[in-house]
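For reference, the structure discussed in these notes is given below.
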Amino acid sequence: MLNTMTTPTAPVPHPGPMLTFPARILEIKEEAYAIATYQIAFESEAVRKTYRFRPGQFNMLYLPGIGEVPISMSSDPAESEVIGHTIRYAGNVTRAISRLQTGDVIGVRGPYGSYWPMERLIGDDLCIVTGGIGLAPLRPVIYHVLRHREQYGRVYLLYGARTPKDMLYTDEYEAWKQQGIQILLTVDRADPSWRGNVGVVPMLFYQLRLDPKKTAVLTCGPEIMIHFVIYEALARRISKERIYVSMERNMKCGVGLCGHCQFGPAFVCKEGPVFAYAAIEPFFGVEEF
Amino acid sequence: MPELTPTIGAFVSIEKGRLQNVMDALKAAGYTLVGPTLDEGAIVYDEIEGVADLPRGWTDRQEPASYRLQRREDDAYFGYVVGPHSWKKFLLPPRRTLMRVVKKEGAFVVVDEEEPAPRYAFIGVRGCEMQAIHIQDRVFLGGPYQDPGYRARRQQAFVLAVNCTEPGGTCFCASMGTGPEVGLGYDLALTELDDIFIVEIGSELGATMMRETDWRPAGAFELQQARDALAEARRNMGRQLDTTDLPNLLYKNLEHARWDQVADRCLSCGNCTMVCPTCFCQDVLDVSDLKGETFERVWVWDSCFSIDYSHVHGGNIRPHTRARYRQWLTHKFASWIDQFGVIGCVGCGRCITWCPVGIDVTEEIDAIRGEV
């Protein structure tokens, strides 16, 4: 059924797949309201040296006595000794994380899941479409592109947030632009400082002229946004195989043993979170599926 | 007593009482015997000492939402089918600690907390249950991440299987191709006739356990009797199911009106998932001591019918019973095949018997197929 599944690899050898490794918080950076990026490093040097991740994968972050939460990496995959996670304080575990400080220790295991297929996209134009905190799992893609700029054609970032203050990583946009990433921003509600677009993210497609033969779409965000991103991409004759979607489900174990994150035939933690739209088309948008 | 141990694949016969010798050999080899026994008005699986603990002379009458024990007219040892328990209770205990964390100087230490696996000898594994074990093997041992606790218990388990000659009212193993005779994977398999057991030797270990038992090669007449009994059982299944092209049938009917209809009856209680021998969903609990110094992470059985099973920030993916029942049924009969290369149902009928409102999967699938 899912012909574009990628088999994940776990570079850190696990004595048991659920065992966590202590990691120290090196830096906490406020990004927006109730969103911060945590730079962490494994305590064990052996783990630190062997750990690698790919753009789009996630770790399970653990707080003793409170629980675990799946968070995708938002930092540069080429520098995996210090790993960045951009976290929105939403549930029990993330709210407890919000009370931590630099120097505190959390548990980390991973990386898990499929990734944005950067090798397969070499030579292509990339259209990165995302909303809110959905930019976090795509920032490693941008870092990868910046390191290998010559391997990719035109690169667009279409990004939207509720208000200008909710936008992530704004201090990096200028550097990204200078290295040839075209950034189109939009907000749901403007403030007096805002001079840009107001409206939903998929509308930004109307400002582009994409070459359907060369373009791949990479999207992550609320399911309703993804729904319309797919609509706009298909309307521009971009094939289903070249629209990549990062899905969200309840990932409890991260290793396909607990069942919670099932999405039709897929375990989102194992075959996902990144899927080619062609693989999930029969199930995407089925209500409550 | 023959000097030789029987060879693998051989059929031998033993007097029924000699089963105790086999059990004694297993105990002497360090196995904990687990088998059917009477408890609280049902035949359950629990630790047993010997043949005296088996529900000899009892049978069960099973129908949707109904399970009754009855005295048999004979004193057969295995004259009943499967009860609410399955072997997953032992291979995948309902609650197990997976790690312990101890706080230490501002950081913490992780202690691997898998308990040493007991050596179980499963007495009376039926054909459907043997297949259920194979299915859970694929789930927990077949992928890139394996469950070490399951692996340890499974590798050490001895399987003494029993062929079913009297299927129950909710059985449909013949439709699922899992019974009434046991497929591969057992150490010994019994067929109960009037005064003897025919024992098929499935493994070297099984043969070893026959060494202290007075056996003789099974006679042609006895073997024919056993074959006839199994053929008869196949004809007497309480239920049947057309398994043709189930994945496409279900995937193409995700919006079928039957899901609404079944949701009106389903209580979303999760009984079907608890009694199912293949359902494997688990949740992780975080437990801490009162001082907040040591913490445990605990695996517990979970069910796709529970409310927060599909919880993500902002709500649940499947708030309605309709979606949860659809998830369970399509997983069992369709996506399971995509995930593990095998259908997730073995036809044991437990979900039909133990559903408090008697929802019958075979009937639901027939309805979606348009045959009701």
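Under Stokes-Einstein, with the Kirkwood radius over Cα pairs standing in for Rh, what whole-number D in µm²/s applies to chain A at 20 °C and 1.002 mPa s?
Values: Rh = 19.3 Å.
Taking Rh from Cα pairs, D becomes 111 µm²/s.
Each of B:VAL346, A:GLY196, A:TYR89 was placed along the dipole of the protein assembly as shown (beta-carbon charges, centred on the mean Cα), and the one lying farthest toward the positive end is A:GLY196. Working value for the range B:229-372: equivalent-ellipsoid semi-axes of 32, 19, 14 Å, each the square root of 5 times a Cα gyration tensor eigenvalue, largest first.
For the range A:125-280, the alpha carbon positions stretch 47, 35, 31 Å along the principal axes, listed from largest to smallest. Other residues with beta-carbon under 9 Å from the beta-carbon of B:TYR77 carry, at +1 per Lys or Arg and -1 per Asp or Glu, a net charge of 0.
Measuring between their Cα centroids, the range B:332-347 and the range B:42-121 lie 23 Å from each other. Ranking B:SER86, B:ALA107, B:LEU54 by how far each Cα lies toward the positive end of the dipole of the range B:28-157 (charges on Cβ) leaves B:ALA107 at the top. Per residue of A:259-272, other chain Cβ atoms within 10 Å of the residue Cβ number 5 on average. Mean per-residue shielding of peptide A:101-114 is 1, counting Cβ atoms of other chains within 10 Å of each Cβ. In this structure, the amide hydrogen of A:GLU31, modeled 1.01 Å from its nitrogen in the peptide plane, lies closer than 5 angstrom to those of A:ALA36, A:THR37, counting only residues at least 5 positions away or on a different chain. Annotation: amide H of B:TYR80 has no partner in the under-5 Å range at sequence separation 5 or more or interchain, hydrogens built in the peptide plane. What does the charge count near B:PRO36 come to, summing +1 for each Lys or Arg and -1 for each Asp or Glu among other residues with Cβ under 9 Å from its Cβ? Here the charged neighbours net out to -2. The distance linking the range A:58-80 with the range A:203-278 is 21 Å (Cα centroid to Cα centroid, whole angstrom).
As a proxy for reagent exposure, ranking B:THR97, A:THR130, A:THR170 by other Cβ atoms within 10 Å from fewest up yields A:THR170, B:THR97, A:THR130. Taking every alpha-carbon pair in the range A:21-112 and binning the separations at 5 Å intervals from zero gives 3, 15, 28, 30, 17, 7, 1, 0 percent.
Per residue of A:250-257, how many C-beta atoms from partner chains lie within 10 Å of its own C-beta, taken as a mean?
On the way: counts 8, 1, 7, 7, 1, 5, 6, 11.
The shielding value for this peptide is 6.
Treating only the Cβ atoms of Lys and Arg (+1) and Asp and Glu (-1) as charged, compute the dipole magnitude of the range A:21-112 about its Cα centre; round to the nearest 20 debye. Write down the numbers at each step before the final one.
Details: 10 positive and 10 negative charges, 45 e Å.
Dipole of the range A:21-112, to the nearest 20 debye: 220 debye.
Here the protein assembly as shown yields Rg over Rh of 1.04, to two decimals, using C-alpha coordinates and the Kirkwood radius.
Taking K and R as +1 and D and E as -1, what net charge do the other residues with C-beta under 11 Å from the C-beta of A:ASN250 add up to? Spell out each step's value before the answer.
On the way: positive: A:ARG249, A:LYS252, B:ARG318; negative: A:GLU248, B:ASP283, B:ASP302, B:ASP308.
Surrounding charge for A:ASN250 is -1.
Cα convex hull, chain B: 167 Å³ per residue, rounded to a whole number. Partners of B:LYS104 within straight-line reach, counting lysines whose Cα lies under 30 Å from its Cα and excluding those fewer than 8 residues away in the same chain: A:LYS29, A:LYS49, A:LYS252, B:LYS291.
Over the range A:6-161, the alpha carbon radius of gyration divided by the compact-protein estimate 2.2 N^0.38 Å works out to 1.04.
If contacts are Cα pairs under 8 angstrom and at least 6 residues apart, what is the relative contact order of chain B in percent?
22 percent.
Only Cα pairs under 8 Å and 6+ residues apart enter the sum, and on that basis the relative contact order of the range A:21-112 stands at 38 percent. Dipole magnitude for the range A:125-280: computed about the Cα centre from +1 point charges on Lys and Arg Cβ and -1 point charges on Asp and Glu Cβ, it is near 300 debye.
Taking all Cα-Cα distances within the range B:1-124, those exceeding 18 Å account for 66%. Overall dimensions of the range B:174-217, expressed as equivalent-ellipsoid semi-axes from the Cα gyration tensor (√(5λ), whole Å, largest first), are 22, 15, 5.
Starting from the Kirkwood radius over alpha-carbon pairs of the range A:122-200, derive D by Stokes-Einstein at 20 °C in a medium of 1.002 mPa s and give it in µm² s⁻¹. Show your work: numbers first, answer last.
Numbers: Rh = 13.0 Å.
Once the numbers are plugged in, D ends up at 165 µm²/s.
Report summary: the helix-based calculation at 222 nm, which adds -39500 (n - 2.57) for every DSSP H run with n ≥ 4 and divides by the residues of the protein assembly as shown, gives -6500 deg cm²/dmol. With neighbours defined as other Cβ atoms within 10 Å of a residue's Cβ, the residues A:TYR206, A:TYR156 order from fewest to most as A:TYR206, A:TYR156. Farthest toward the dipole's positive end in chain A, which of A:LEU218, A:TYR152, A:VAL268, given Cβ charges of +1 (Lys, Arg) and -1 (Asp, Glu) about the Cα centre? Most positive-ward Cα: A:TYR152.
With N set to the residue count of the range A:102-162, report its C-alpha Rg divided by 2.2 N^0.38 Å to two decimal places.
Working: Rg = 14.4 Å, N = 61, 2.2 N^0.38 = 10.5 Å.
Normalised Cα radius of gyration, the range A:102-162: 1.37.
Taking the Cα centre of chain B as reference, the dipole from Cβ charges on Lys and Arg (+1) and Asp and Glu (-1) amounts to some 860 debye. Taking every DSSP beta bridge that has both ends in the protein assembly as shown, the antiparallel portion is near 70%.
Every number in this text was worked out from the coordinates using simple rules, so none of it is lab data. The structure displayed is predicted, hence computed values, not measured ones. Glycine also receives a Cβ, built like all others from the backbone with ideal geometry; neighbour counts cover every protein chain displayed.
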